[in-house]
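See structure below.
The values are calculated or read from the model by the stated rules, or taken from the named source; none is laboratory data. Just so it is clear, the structure is predicted and the values come from calculations on it, not from any experiment. Backbone-built Cβ (ideal geometry, glycine too); neighbour counts: all protein chains shown.
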Amino acid sequence: MFDGLILLIWTLIKIVLIIVPLLIAVAYFTLAERKVIGSMQVRVGPNRVGWCGLLQPFADLFKLLTKEVIVPTNSSRFLFLIAPVLSLAPAFAAWAVIPFSDQLVLADINAGLLYVLAMTSLGVYGVIIAGWASNSKYAFLGSMRSAAQIVAYEIAMGFALIGVLMLSGSLNMREIVLAQGGGIGHWFVVPLFPLAIVYFISGVAETNRAPFDVAEGESEIVAGFHVDYSGMAFAVFFLAEYANMIMISALMTIMFLGGWLSPIDGVGDGFHWFLIKTAFSMFLFLWFRATFPRYRYDQIMRLGWKVFIPVTIVWIAVVGVAVFYGVEPWFDIRDLQTAGQAALEVASGDGS
Amino acid sequence: MLANYFPVLLFIAIGIVMGVVLLTAGRVIGPSRPNKEKNSPYECGFEAFEDARMKFDVRYYLVAILFIIFDLEITFLVPWAVVLDTISPAAYIAMALFLFILVIGFIYEWKKGALEWE
């Protein structure tokens with residue numbers, strides 16, 4: 001009983017230690033977005049609140065906190081209020097299995113990748129329910145578009161992950177990173193280059209970000225599924241969207257860019273590499289938004305179904321054959337697995 | 001082994017609690033001055049023309065059905081991909097056949113125009 005209580009409190013502390021930095025990352029990601037896009041458009045960006053605008057996210061938070069949460073008369077009240085929660089909870093829960101470094105992981109479970117896939121898919125319920133419950137035309141259109149787009153790109157994303165699984169031979173996130181040991185040439189982004197590109201673009205589409213933001217499309221359907229949300233209800237959607245973007249960047253880092261491993265084999269592996277790579281992927285999101293005009297909806301569906309799915313199926317077949325025959329230097333995964341196993345044994349030896 | 005999943009469960013619970021707490025904070029701290037105009041559904045300032053729960057394009061259903069097929073396919077591929085280096089050639093060929101049949105289905109859908117979106 002007492003042991004159980006200590007375990008509970010210790011786990012809670014660890015969860016808080018993940019959630020608080022994540023919240024701060026989201027806050028400063030919004031500021032970074034405005035600053036980066038400002039710079040790309042030769043503007044200054046927010047610079048009034050605090051030094052260089054560094055307190056801007058908190059000003060935004062307090063403003064949203066003191067605004068009224070409007071529940072429209074025609075809406076389904078319960079669904080309307082539960083939708084933001086349904087989109088926030090999975091966006092946060094997926095972080096439970098992310099290995100930040102070799103030792104820094106909350107739940108080192110065997111089905112890590114499946115769990116992440118399940119959690120990122122659940123986010124679509126929040127969007128659909130929000131659009132339905134608002135009982136407004138714009139919200140309804142936005143949520144239909146968004147749902148169709150998310151499921152279409154989910155398939156491409158799933159196929160890209162199959163490639164990673166074939167090379168790593170494990171669903172455990174830590175082992176996936178360890179299987180990429182041996183310097184920058186062994187990161188999965190090299191043998192799985194097409195899948196990495198497909199994965200990241202699908203990630204941008206999954207999170208409804210520009211250039212795939214027809215679900216929100218300010219200039220055509222105002223704000224899509226969250227048009228009728230205000231105050232904190234809107235802030236929760238916003239939080240979920242940005243947490244998801246950081247999540248996609250972290251997954252990109254873990255599955256294709258070697259996680260916490262340094263580019264040179266065995267030199268200075270650690271948490272800082274995870275941060276640098278994730279920050280780079282996050283920057284790409286902002287760069288895309290500043291660079292590309294919005295796709296038309298039929299173009300989005302064509303890209304998802306007619307380009308990404310064929311590309312990924314072909315590349316899975318190629319990787320399958322290569323792994324089956326153990327083609328050097330990347331696809332001979334028996335070597336990688338013994339290396340990964342040895343590393344695991346060393347790690348568990350240190351732990352006990 | 002299952003003990004490893006306890007933090008995951010707890011994390012999901014915390015996620016839900018956080019959402020509820022943030023929403024409640026917004027309801028408590030923010031003002032509440034409802035009026036008829038403010039609470040009407042947003043439609044660019046017009047009165048709502050008709051019910052928002054209107055008919056919509058059947059292609060959304062089609063996309064959902066196709067999604068189920070392909071997502072199941074991925075589910076079948078996952079265990080196979082994980083043990084790819086240890087399985088026998090027969091298991092390998094079985095999955096190749098399965099993928100082949102699905103690719104034929106995919107080509108059929110493509111030719112039928114199920115993926116068109118004008």
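A few comments on the model shown:
- Here A:Ser230 clears all of (1) surrounded by 24 or more Cβ atoms within 10 Å (Cβ to Cβ); (2) among the small types (Gly, Ala, Ser); (3) within 14 Å of chain B (Cβ to nearest Cβ) except the condition numbered (1).
- Among the residues examined, A:Phe271 does not qualify as surrounded by fewer than 23 Cβ atoms within 10 Å (Cβ to Cβ) and either of a type in the set (A, V, I, L, M) or within 14 Å of chain B (Cβ to nearest Cβ) (or both).
- Residue in the range A:174-186 that is of a type in the set (Lys, Arg) and under 22 Å from A:Phe100 (Cα atoms) present: yes
- Condition met for A:Lys67 (of a type in the set (D, E, K, R) and touching a residue at least 40 places away in the same chain (Cβ under 8 Å)): yes
- Subset of the range A:24-42 [under 26 Å from A:Thr278 (Cβ atoms) and without any contact (Cβ under 8 Å) to a residue 24 or more places away in the chain]: A:Ile24, A:Arg34, A:Lys35, A:Gly38, A:Ser39
- Here A:Leu79 meets the list (1) out of contact with any Phe, Trp or Tyr (no Cβ under 6 Å at 6 or more places or on another chain); (2) surrounded by 17 or more Cβ atoms within 10 Å (Cβ to Cβ) almost entirely, failing just condition (2).
- As for the range A:4-15, it holds no residue that is surrounded by fewer than 11 Cβ atoms within 10 Å (Cβ to Cβ), assigned to a loop (DSSP other than H, G, I, E, B) and out of contact with any Phe, Trp or Tyr (no Cβ under 6 Å at 6 or more places or on another chain).
- So A:Val214, is it part of a helix (DSSP H, G or I), at pLDDT below 85 and either under 15 Å from the mean Cα position of the chain (by Cα) or more than 10 Å from every other protein chain (Cβ to nearest Cβ) (or both): yes
- Against the test of being within 11 Å of chain B (Cβ to nearest Cβ), under 15 Å from the mean Cα position of the chain (by Cα) and not basic (Lys, Arg), the options A:Val124, A:Val198 yield a single qualifying residue, A:Val124.
- Hey, A:Ala240 in contact with a helix residue (DSSP H, G or I) (Cβ under 8 Å, 6 or more places away or on another chain) and within 13 Å of chain B (Cβ to nearest Cβ) or not: yes
- Test: residue in the range B:41-59 that is at pLDDT 75 or above, part of a helix (DSSP H, G or I) and not charged (D, E, K, R): no
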